[in-house]
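Colleague: Okay, here's the structure, questions in a sec.
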Amino acid sequence: MQRPHKAYPVELAQFHSADYVEFLHRITPSTEHLFPNELAKYNLGEDCPVFENLFEFCQIYAGGTIDAAHRLNNELCDIAINWAGGLHHAKKCEASGFCYINDLVLGILELLKHHARVLYIDIDVHHGDGVEEAFYFTNRVMTVSFHKYGDMFFPGTGDVKEIGEREGKFYAINVPLKDGIDDNSFTRLFKTIISKVVETYLPGAIVLQCGADSLAGDRLGCFNLSIDGHAECVRFVKKFNLPLLITGGGGYTKENVARCWAFETGVLLDTELPNEIPENDYIKFFEPDYSLKIPGGHIENLNSKSYLGTIKMNVLENLRYIQHAPGVQMQEVPPDFYLPDFDEDEQNPDERMDQHTQDKQIQRDDEYYDGDNDNDHNMEDM
């Protein structure tokens, strides 16, 4: 476990516009009535409300994903997890779908400093539109999104025909699904497509967004996936043995979100967790059976074999247009991320430091020590 740094505004502006970041930094619930034009411009309001400590919230989850990418780049771990991340709808200049800062894009940009190609996979029930849009014109990132499409379902994008443009043509893959898809259909399609993608694209690293709203029983979702089915996708991606960044995402039946990501943490750690949830402060949320896993749902599966076969054929046909993995002329690697300097000698020991200042001085887990405190051995953290 590592406590993430809070991403600095300049880091967030590696993708987002500086004016949008600045507005997020200063807007508060008590002042939002003063800025109706800006709220409309940046899409803040109903689906993306302004709340106390909004910017700090963004700094923490984005910092977690940036730090995860940094650790992978420096080979401090093989798998890095940020369950608080995965806010895939945020755009360069606006919020969307309760996503304010797109930590996934920032994490991928970090990975691109060390890897010629990065593969992004999204199993949230909603289309990963913000990440796809960010890399729609490049072949250095391939985005693959499995999601519900049609019936005016948010965000309304993600047709199989959306494949990227210019240098990015054929490097955006969309798998639009209908209500009620089950474990067997989903995992079979997932494994077929992802196997071919990895074989064709040869990524140096993979980012997997594990939105839990694709589980059965989600308040907004409409799939029939069990936790076993959802986790099978995670297990399959892990087997490629590539640097892997895992994030959370959507999920609106909170007890099932907790179940899912706990179980998938076990999968990533090669640890089988007991199905009976042990006593804890939140045990009442898991009544009446107190079990870790949930079964698949019973919504009618509207995904016929012929429909899924057509989707698979379209995706595999598009992959054939990629003759080989794109070559990238790698040059000097830019610094991992920006950390402003501060002079410890100028700190007044008699003054109380606020939490933010303390966070900047917190001892990092990847520091090096001599003797018994040397953390540079057996680094298996994720």
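Colleague: Please name whichever of Y61, I101, T200 sits farthest to the positive end of the charge dipole of the range 59-217, dipole taken about the Cα centre and charges placed at Cβ: Lys and Arg +1, Asp and Glu -1.
Modeller: Positive-end residue among those listed: T200.
Colleague: Would you mind classifying the range 209-311 by shape? Square roots of the alpha carbon gyration tensor eigenvalues, ordered a ≥ b ≥ c; an a/c under 1.5 is rounded, otherwise it is prolate if a/b is larger than b/c and oblate if not. Could you put the intermediate results ahead of the total?
Modeller: Numbers: a/c = 2.04, a/b = 1.21, b/c = 1.69.
Oblate, since a/c reaches 1.5 and b/c is not below a/b.
Colleague: Per residue of the range 306-319, in order, report the coupling 6.51 cos²θ - 1.76 cosθ + 1.60 (Karplus, θ = phi - 60°) as ³J(HN,Hα) in whole Hz, putting x for Gly and Pro.
Modeller: Values per residue, Gly and Pro as x: 5, 5, 5, x, 5, 4, 4, 4, 4, 5, 5, 5, 5, 5 Hz.
Colleague: At 37 °C and a viscosity of 0.692 mPa s, what translational diffusion coefficient does Stokes-Einstein give for the range 20-102, taking Rh as the Kirkwood radius over Cα pairs? Give it in µm²/s as a whole number. It would help to have the intermediate numbers written out before the result.
Modeller: Details: Rh = 13.7 Å.
My calculation gives 240 µm²/s for D.
Colleague: Given a 1.4 angstrom probe, I'd like the percentage of the accessible area of the range 32-131 that is carbon and sulfur, rounded to a whole number. Each step should come with its number before you reach the end.
Modeller: On the way: 1670 of 3310 Å².
Percent of accessible area from carbon and sulfur atoms in the range 32-131: 51.
Colleague: Shifting gears a bit: Residue by residue, what Karplus-based ³J(HN,Hα) values in Hz, rounded to whole numbers, does the range 252-269 have, using 6.51, -1.76 and 1.60 with θ = phi - 60° and x for Gly and Pro?
Modeller: 10, 10, 4, 5, 6, 4, 4, 4, 4, 6, 5, 4, 6, 4, x, 4, 5, 9
Colleague: Pairs K148/K293; K91/K148; K113/K191; K41/K169: which exceed 25 Å Cα-Cα? Don't skip to the answer; put the middle values down first.
Modeller: Working: K148/K293 23 Å; K91/K148 20 Å; K113/K191 28 Å; K41/K169 30 Å.
Long pairs (Cα-Cα over 25 Å): K113/K191; K41/K169.
Colleague: Next question. Which whole-Hz couplings ³J(HN,Hα) result when phi for each residue of the range 231-248 is put into the Karplus expression 6.51 cos²θ - 1.76 cosθ + 1.60, θ = phi - 60°, listed in order with x for Gly and Pro?
Modeller: 6, 4, 5, 5, 4, 5, 5, 4, 5, 6, 6, 9, x, 10, 10, 10, 10, x
Colleague: Hey, can you find the accessible area per residue of the range 243-305 for me, probe 1.4 Å, expressed in square angstrom?
Modeller: Details: 3790 Å² over 63 residues.
It amounts to 60 Å² per residue over the range 243-305.
Colleague: Counting other Cβ atoms within 10 Å of each Cβ, which trypsin sites (Lys or Arg not before Pro) in the range 152-210 have at most 14 and sit in a DSSP loop?
Modeller: Here the sparse-neighbourhood loop sites are K161.
Colleague: In terms of modelled amide H atoms, which long-range or inter-chain residues lie less than 5 Å from the amide H of N82?
Modeller: For N82, the qualifying residues are I246, T247, G248.
Colleague: For L177, which sequence-distant residues (separation of 5 or more, or a different chain) have an amide H within less than 5 Å of its own amide H, given hydrogens modelled in the peptide plane?
Modeller: Amide H neighbours of L177: H147, K148, Y149.
Colleague: Any idea of the accessible area per residue across the range 1-133, 1.4 Å probe, to the nearest Å²?
Modeller: Working: 4950 Å² over 133 residues.
Per-residue value: 37 Å².
Colleague: Sticking with this structure for a sec: With a cap of 15 neighbouring Cβ atoms within 10 Å, and only residues DSSP puts in a loop, list the chymotrypsin sites (Phe, Trp or Tyr not before Pro) found in the range 117-217. It would help to have the intermediate numbers written out before the result.
Modeller: On the way: sites: Y120, F135, Y136, F137, F146, Y149, F153, F170, Y171, F186, F190, Y201; in loops: F135, Y136, F137, Y149, F153, F170, Y171.
When the chymotrypsin sites (Phe, Trp or Tyr not before Pro) of the range 117-217 are filtered for loop state and at most 15 Cβ neighbours within 10 Å, F137 remain.
Colleague: Carbon and sulfur together cover what percent of the accessible area of the range 197-328 at a 1.4 Å probe radius?
Modeller: Numbers: 3590 of 6580 Å².
Using a 1.4 Å probe with all protein chains present, the range 197-328 comes out at 55 percent carbon and sulfur.
The values are calculated or read from the model by the stated rules, or taken from the named source; none is laboratory data. Quantities reported herein were computed from a predicted structural model and do not represent experimental measurements. Positions of Cβ are backbone-derived with ideal geometry, glycine not excepted, and every protein chain shown enters the neighbour counts. These accessible areas exclude ligands, DNA and RNA; they are computed on the full protein's heavy atoms, side chains included. Shrake-Rupley method; radii C 1.70, N 1.55, O 1.52, S 1.80 Å.
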